[in-house]
Every structure is written in C-alpha cells, then in structure tokens.
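Colleague: Below you will find the structure I want to go over with you.
The values are calculated or read from the model by the stated rules, or taken from the named source; none is laboratory data. Computed from a predicted structure; not experimentally measured. Virtual Cβ from ideal backbone geometry, glycine too; neighbours counted across all protein chains shown.
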Amino acid sequence: MEGNIKRIINLIFEIGTLQNIIRGDRQVLRGENSTVAAHSFRCAIIGYFLAKLENVNEDKVIKMCLFHDICETRIGDANFLNKFYIQQDIERAYKDQLEGLAPEIVALLDEFIKGETREAIVAKDADVLEQIFTQREIISSNDFKRWHEFQHKKLKTNSAKIISKRVAETNPLEWVYNFPH
C-alpha cells in the first residue's frame with residue numbers, strides 16, 4: 001500500500017470533485033440541487049439504519065452506499081431518462097479508480113451491481129430512499145405523490161417500504177417543529 005500513496009492522494013482529490021457534480025435528476029425533478037457527494041453521505045446514513053432494521057451486515061451496506069457512485073467522477077450522474085439512451089461503463093470506471101488500492105471495495109461494488117445479496121438489496125433501497133427523502137423536501141405535494149408512487153415500486157425490503165410510506169406522510173420540517181424550545 002505504501003507504494004500507492006500518490007494514487008490514494010489522487011483518488012481522494014478525484015472523489016472530492018463529487019461535491020461539484022449536481023445530481024442528474026435535476027433535469028427532470030424541479031428544485032434538485034443535491035450533489036453526488038451529499039447523496040452518497042446521506043445514503044450511507046440511511047443504509048446503516050436500514051441494515052439494522054433488516055438484520056444485515058451494516059458495515060458492508062455502509063461501504064456500498066459510500067462508494068456506489070464514485071464512478072460518477074468519470075461517467076457523470078445520468079438520470080433515469082439518460083439511461084435509456086446512453087451506455088455507461090460503471091464497472092470499468094470504479095475498477096480503474098480502485099485498481100490495486102481497495103480490492104475489498106471493488107468486490108463490494110461488484111456485489112452491489114449484481115444486487116443479489118441482502119446487503120446489496122438494502123444498499124440499493126437506501127439509494128432509492130435517499131432520493132425519496134430529497135424529493136419529499138422539495139416537491140409540491142401533488143407532484144411528490146405521483147413521483148413517490150413511481151419510486152416506491154422499486155423498493156425491495158419491508159423496512160424500506162415502511163420508511164418510504166412514512167416519509168410521504170411526514171412534513172420535512174417536522175423535526176424543526178418538534179425541536180425542544
């Protein structure tokens with residue numbers, strides 16, 4: 001690993017640019033100003049709690065959530081509409097980024113992409129839930145209802161479905177109103 005210090009430094013600088021990449025959904029979903037870095041961070045927090053609720057390995061889920069979009073420094077953040085028309089080589093991007101540096105993360109990202117393990121399913125649900133939270137914060141109630149129904153169908157775990165349903169019922173500022181005064 002010592003010989004890879006320069007590559008690690010460069011990778012960390014590259015990952016820092018995720019703070020500059022606005023989410024691709026902004027094209028379609030009004031008011032979206034979230035960055036890929038912010039999305040990945042909150043996705044990891046959601047992933048932790050979802051993993052606890054689903055009794056799966058939370059460390060694996062958190063790592064999947066933190067690293068799942070690092071490839072977007074090289075391929076961009078394509079929204080659902082873009083993905084109908086373009087091909088992204090996601091695996092090549094993250095494997096090139098992490099080659100010789102983090103084989104365990106490459107293995108976790110391979111697992112995430114396949115989506116077959118319980119941890120991968122939970123991590124993907126965390127990814128979708130993060131977007132549900134973001135949209136709940138910014139979309140008018142009518143638009144959110146239709147969008148939420150569309151996104152909710154993607155969820156696999158019971159915990160994610162329960163959280164999704166309750167997000168739809170919760171005012172995004174409820175935490176402020178309930179804050180001790």
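Colleague: Would you mention how many residues in region 122-181 are in contact with a Ser or Thr (Cβ under 7 Å, 6 or more places away or on another chain) and modelled with pLDDT under 85?
Modeller: Of the residues in region 122-181, 0 are in contact with a Ser or Thr (Cβ under 7 Å, 6 or more places away or on another chain) and modelled with pLDDT under 85.
Table: residues versus (1) touching a helix residue (DSSP H, G or I) at 6+ places or on another chain (Cβ under 6 Å); (2) acidic (Asp, Glu); (3) at pLDDT below 95; (4) surrounded by 14 or more Cβ atoms within 10 Å (Cβ to Cβ).
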| position | (1), (2), (3), (4) |
| --- | --- |
| GLN19 | yes, no, yes, no |
| VAL28 | no, no, yes, no |
| ALA44 | yes, no, no, yes |
| TYR48 | yes, no, no, yes |
| ASP59 | no, yes, no, no |
| LYS63 | yes, no, no, yes |
| ARG74 | yes, no, yes, yes |
| ILE113 | no, no, no, yes |
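Colleague: What helices (runs of 4 or more DSSP H) lie completely within region 141-180 and have 3 or more residues being under 17 Å from the mean Cα position of the chain (by Cα) and either surrounded by 10 or more Cβ atoms within 10 Å (Cβ to Cβ) or polar (S, T, N, Q) (or both)?
Modeller: 141-152, 158-169
Colleague: Among GLN131, GLN88, GLN97, which is the only one that is closer than 24 Å to ILE22 by Cβ, more than 15 Å from the chain's Cα centre (by Cα), crowded, with 19+ Cβ neighbours inside 10 Å and of a type outside the set (Asp, Glu)?
Modeller: GLN97
Colleague: I've got another one for you. Run GLN135 past the list (1) in contact with a Lys or Arg (Cβ under 8 Å, 6 or more places away or on another chain); (2) more than 22 Å from ASN55 (Cβ to Cβ) and report the number of the one that doesn't hold.
Modeller: Unmet condition: (1).
Colleague: Check SER164, SER159 and return the single one that is in contact (Cβ under 8 Å) with a residue 12 or more places away in the chain, of a type in the set (Gly, Ala, Ser) and closer than 21 Å to ASP25 by Cα.
Modeller: Among SER164, SER159, only SER164 is in contact (Cβ under 8 Å) with a residue 12 or more places away in the chain, of a type in the set (Gly, Ala, Ser) and closer than 21 Å to ASP25 by Cα.
Colleague: Let me ask you something else. Surrounded by 15 or more Cβ atoms within 10 Å (Cβ to Cβ), part of a helix (DSSP H, G or I), touching a strand residue (DSSP E or B) at 6+ places or on another chain (Cβ under 8 Å) and in contact (Cβ under 8 Å) with a residue 12 or more places away in the chain, is that true of LEU108?
Modeller: When the stated conditions are applied, LEU108 does not pass them.
Colleague: Report, by residue number, each residue of region 46-73 that is free of Cβ contacts under 8 Å to residues at least 40 places away in the same chain and either touching a His at 6+ places or on another chain (Cβ under 9 Å) or under 19 Å from GLY16 (Cα atoms) (or both).
Modeller: Within region 46-73, ILE62, LEU66, CYS71 meet the criteria.
Colleague: Please give the number of the condition PRO103 fails out of (1) touching a residue at least 12 places away in the same chain (Cβ under 8 Å); (2) under 30 Å from ASN4 (Cβ atoms); (3) over 19 Å from the mean Cα position of the chain (by Cα).
Modeller: Exception for PRO103: condition (1).
Colleague: Out of all the residues in region 112-125, which are in a helix (DSSP H, G or I), of a type outside the set (Val, Ile, Thr) and within 15 Å of the chain's Cα centre (by Cα)?
Modeller: Across region 112-125, the qualifying residues are PHE112, GLU119, ALA120, ALA123, LYS124, ASP125.
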